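Since the structure comes first, as structure tokens, the remarks are kept for the end.
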Amino acid sequence: MRIRQAKDIDHTSWDAFVLDHPEGLPYQLYAWKKAVEKAYGFRGVYLLAEEHGRICGVLPLVWMNVPLLGRKLISLPYCDVGGALAYESAVAAALFAEARKLASLIKFRAVEIRSAVPTSLGCVRNSFPIKKVRMVLELPGDSRTLLAGLKSKLRSQVNKPLRDGLKVRLGGLELVGDFYRTFTENMRDLGSPVHSREWIEAVVGFFGERARVGVVYTPGGLPAAGGIILLHRKTVSIPWASSLRRLNHLNPNMLLYWAFLAFAADNGHSRFDFGRSTPGEGTYKFKEQWGARPQPLFWSDLLTAGGKEIAKLAVKRGRMEALWRRLPLEICNSLGPKVRRWISL
């Protein structure tokens, strides 16, 4: 077995391996590397294991130079899940060993692994606990069956915005502008710096047919909610979704999520990954009502310092969110993308 860094010429074979693997996720596709490099300028260090000329394992990593924190390798930034993807634990262990070797040569401060499988797969050391889970829904074969399985109250919440004249569109790059309008306002209200529009366009552009942008419009044509889904053969993931709080009475968020769920079910996808939540909090309950079930996240550091650094940052984050919420939207939209590229979560 040989381990090396992937090149752009490996794009097709890398994606074929990820798409064929039952635990593969959209974030592990090669498009994430291209988007990170184009929009934020960080280098993707994508390791692949080969045996007899065929890929038998992958480990996508991104090299981030973070002010005051130094060099870090992260698998993967800006999403919930990266980590190694392999059919045998020995292959995953070899990929992690190569990442540690690289870290020692270039003096990285941390090698963060965000995995959807137990960290024992690959002998990851120095795990640090997180209070987050993935919320995953197993989908039936079509949207009609999915709708019939929802509780009557939830079906009513899905139908209400349609009765009130709201409309939903699914598309690609042509909808990014309308999505971004809802995204920036919602992120300010949540106290979080917003991603740059260039990042969103890079993700949607490089994922191509494996990305869908959804926007819900009021009867007057105002974007009220928007989101983006990324497509693996089995799993659909939703990295970003936003709705305007001032229009919550119209239930645009319910229509948005229903449109995404219906699309996933009708197009042969068997799982919908709602993303990470804290058990018991509002977003957790929102996802749970659709039938999603929690699955643990396994976030670890291959080195010794990273877990401590992340724990310290988590304490400071609450104070920063409260300050950010008080800033005018124009200032948040200007400063947010400059700050957000350094925040890997």
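Against the list (1) free of Cβ contacts under 8 Å to residues at least 40 places away in the same chain; (2) open to solvent by 70 Å² or more (accessible area, probe 1.4 Å), the condition residue 106 fails is (2).
Quick grid of which residues meet (1) open to solvent by 20 Å² or more (accessible area, probe 1.4 Å); (2) of a type in the set (Ser, Thr, Tyr); (3) in contact (Cβ under 8 Å) with a residue 40 or more places away in the chain:
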| site | (1), (2), (3) |
| --- | --- |
| 60 | no, no, no |
| 94 | yes, no, yes |
| 97 | yes, no, no |
| 135 | no, no, yes |
| 146 | no, no, yes |
| 163 | yes, no, no |
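Of the numbered criteria (1) of a type in the set (Lys, Arg); (2) surrounded by fewer than 23 Cβ atoms within 10 Å (Cβ to Cβ); (3) closer than 22 Å to residue 168 by Cα, the one residue 234 fails is (3). Tell me yes or no: at least one residue of the range 28-40 is of a type outside the set (Phe, Trp, Tyr) and surrounded by fewer than 15 Cβ atoms within 10 Å (Cβ to Cβ). No, the range 28-40 contains no residue that is of a type outside the set (Phe, Trp, Tyr) and surrounded by fewer than 15 Cβ atoms within 10 Å (Cβ to Cβ). Only one of the listed residues (68, 85, 105) is on the phi > 0 side of the Ramachandran plot and of a type in the set (A, V, I, L, M, F, W, C). That residue is 68. I'd like the residue in the range 272-306 that is of a type in the set (Lys, Arg) and crowded, with 20+ Cβ neighbours inside 10 Å and, out of all such residues, is farthest from residue 148 (Cα to Cα). By that ranking, first place goes to 276.
Restricting 46, 78 to residues that are among the aromatic types (Phe, Trp, Tyr), open to solvent by less than 30 Å² (accessible area, probe 1.4 Å) and in a strand (DSSP E or B) narrows the list to 46. Specify which of the listed residues (11, 52) is at positive phi and not hydrophobic (A, V, I, L, M, F, W, C). That would be 52, the only listed residue that is at positive phi and not hydrophobic (A, V, I, L, M, F, W, C).
Yes/no per residue for (1) crowded, with 22+ Cβ neighbours inside 10 Å; (2) in a helix (DSSP H, G or I); (3) at pLDDT 95 or above; (4) on the phi > 0 side of the Ramachandran plot:
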{"site": "186", "(1), (2), (3), (4)": "no, yes, no, no"}
{"site": "189", "(1), (2), (3), (4)": "no, yes, no, no"}
{"site": "205", "(1), (2), (3), (4)": "no, yes, yes, no"}
{"site": "225", "(1), (2), (3), (4)": "yes, no, yes, no"}
{"site": "229", "(1), (2), (3), (4)": "yes, no, yes, no"}
{"site": "246", "(1), (2), (3), (4)": "no, yes, no, no"}
{"site": "258", "(1), (2), (3), (4)": "yes, yes, yes, no"}
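Among the residues examined, residue 66 does not qualify as modelled with pLDDT under 95 and open to solvent by less than 10 Å² (accessible area, probe 1.4 Å).
In the set 197, 181, 155, only one residue is within 20 Å of the chain's Cα centre (by Cα), open to solvent by 30 Å² or more (accessible area, probe 1.4 Å) and farther than 30 Å from residue 19 by Cβ; that residue is 181.
The values are calculated or read from the model by the stated rules, or taken from the named source; none is laboratory data. For clarity, every value in this text was computed on a predicted model and none was experimentally measured. Here Cβ is always computed from backbone atoms with ideal geometry, including for glycine, and neighbour counts include all displayed protein chains. Side chains included, ligands, DNA and RNA excluded: accessible areas come from the protein's heavy atoms. Shrake-Rupley method; radii C 1.70, N 1.55, O 1.52, S 1.80 Å.
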